[in-house]
1. Normalised by the number of residues in the range 1-119, what is the relative contact order in percent for Cα pairs under 8 Å and 6+ residues apart?
2. Would you list Phe346, Phe360, Phe272, Phe166 from fewest to most Cβ contacts within 10 Å?
3. How would the range 25-131 be classified by its alpha-carbon gyration tensor: rounded, prolate or oblate, with rounded meaning a/c under 1.5 and the a/b versus b/c comparison settling the rest?
4. With 32 Å as the limit, write out which pairs from Lys26/Lys56; Lys26/Lys285; Lys11/Lys99; Lys267/Lys347 have Cα-Cα distances beyond it, or answer none.
5. Return the distance in nm (one decimal) between the two label points of a simple spin-label model at Arg337 and Ala358, each offset 7 Å from Cα along Cα→Cβ.
6. For Glu201, Glu365, Glu136, what's the fewest-to-most ordering of other Cβ within 10 Å of each Cβ?
7. Express the relative contact order of the range 303-456 as a whole percentage, based on alpha carbon pairs under 8 Å and six or more residues apart in sequence.
8. Any idea how far apart Lys26 and Ser389 come out in nm if each label point goes 7 Å out from Cα toward Cβ?
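Just so you know, all these numbers are worked out from the coordinates, no wet-lab data involved. Remember, predicted model here, so these are calculated numbers, not experimental data. Ideal geometry is used to build each Cβ from the backbone, glycine not excepted, and the neighbour counts take in all protein chains shown.
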Amino acid sequence: MSTTRKRLFIKTYGCQMNVYDSDRMKDVLTPLGYESAETPEGADLVILNTCHIREKAAEKVYSELGRLRPLKDEKAASGGMTIAVAGCVAQAEGAEIMKRAPVVDLVVGPQTYHKLPELIAQAHRAKGEALDTEFEVEDKFDRLGSDRQVEGYSAFVTVQEGCDKFCTFCVVPYTRGAEWSRPVDQIVAEIRALAAKGIREVTLLGQNVNAFHGAPPSGREAEGAWGLGQLVRHVALIGGIERIRFTTSHPRDMDEDLIQAFADTPKLMPYFHLPVQAGSDKILKSMNRQHTAEEYVAIIDRLRAARPDIAISGDMIVGFPGETDADFEATLDLVRRVNYASCFSFKYSKRPGTPGAAMFNQVDEGVKSARLAVLQELLSDQQAAFNESMIGRTLPVLFEKPGRMDGQLHGRSPYLQSVHVDGPAELIGQVGEVRIEAASRNSLSGSLTGSKRSAA
Ligand code: SAM
Ligand code: SF4
């Protein structure tokens, strides 16, 4: 195995699961002598870890490949540049990518990136043949192991992959395959290793994370598969881990045990991302979400009863086929009832191969844009009001790095808000109490109350 130093540039698009995958690709490539570079100029290997969720996300990849072409030409005289496309565009388009963008040397899907070393060697031997988009999740995690290179105090850990829900707008079931959960022992080993490297906060990831049903820890086989609530409580016992989060959940997979975990596990942060997508039952049905608006609100009510300080975030789509003004009003009503701390909102984007793309009653782009503007104004007001409601409260903040000003620290509140405070650098990596004195749309500031909790 060659250990000559080589420069690796990875560009990550899309969700947190791609961020995790990019980190793991670095882990796989480090033994081959690859070191991370900040820019693609002069890199020996460039990986675009792509997202296929909306049309724009996929098109961005092709524009980026166009920009990489001259860099690859320049590098030809000094060892050459290998260009790889990974992630969901790779999975969805496979060999088509190399046809449309001959600058690409290899294509690797989200379930096979542990084979990057072999694929790179193959690309160097026979261009155009290095392609692997199989679904073999188990093998991937076994091969990746639990040792990770990490920086900072917060890390993502994939615990579940894939989706069987088949929402009619979504490509995920086609690009990420069927639902599958990692065994609890394997997850715990990875988180223990992260804690030993200074990680204080873990976010458990899955396309349908609350559908988690992992093999129980060895010796407890009789208990059957563990749900996410059990996993969260188990992770809370790992020394050094101060904060736990998980994302993304589906309303259909909410069970009482998970709601109870918010009540009985203080390390589980009181901030919950539960996408609903629309407020009209007609649209929810046509999206195949398999629940009503009322059922969604009932879940939020139960969560708020279990953990009164919980804040809710979500995802919304406007302009799904057949959405009328009245349906859109129902979405606005739902948003008013839930009162989100933050919420992502998107215009519906037709994805090839999904049932939504073939629906006849597509909504005009202009109507979608107008509805999105109205929705975003409401959501932005709710977010600002939520941030302002923090003023006067004392919040535990995990300090992550120095702030922009001298003597300043930057950290995150339990609600993932950015918090700026004057304080000593030795607090970085610890949780300290901050009295919030000011709020803007995107951040909070305040002063240390003097009480600090060591995170170690
Ligand atoms: N599994 C999660 C769930 O059930 O809500 C969401 C996963 S998806 C990666 C993230 C978000 O992208 C979705 O919640 C949805 O709002 C948005 N999204 C997915 N497909 C879309 C499409 N075709 N057009 C617009 N937004 C889309
Ligand atoms: Fe996509 Fe629906 Fe699965 Fe979420 S639950 S990943 S939106 S198909």
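1. On the way: 196 pairs, mean separation 31.1, N = 119.
Answer for the range 1-119 is 26 percent.
2. Phe360, Phe166, Phe346, Phe272
3. Numbers: a/c = 1.41, a/b = 1.18, b/c = 1.19.
Rounded, because the longest to shortest axis ratio a/c is under 1.5.
4. Working: Lys26/Lys56 26 Å; Lys26/Lys285 41 Å; Lys11/Lys99 21 Å; Lys267/Lys347 35 Å.
As for pairs spanning more than 32 Å Cα to Cα, those are Lys26/Lys285; Lys267/Lys347.
5. Inter-label distance under the simple model: 3.3 nm.
6. Details: Glu201 22, Glu365 11, Glu136 15.
Least to most surrounded, the residues fall as Glu365, Glu136, Glu201.
7. Working: 267 pairs, mean separation 27.5, N = 154.
After rounding, I find 18 percent.
8. Placing both labels 7 Å along Cα→Cβ, they lie 3.6 nm apart.
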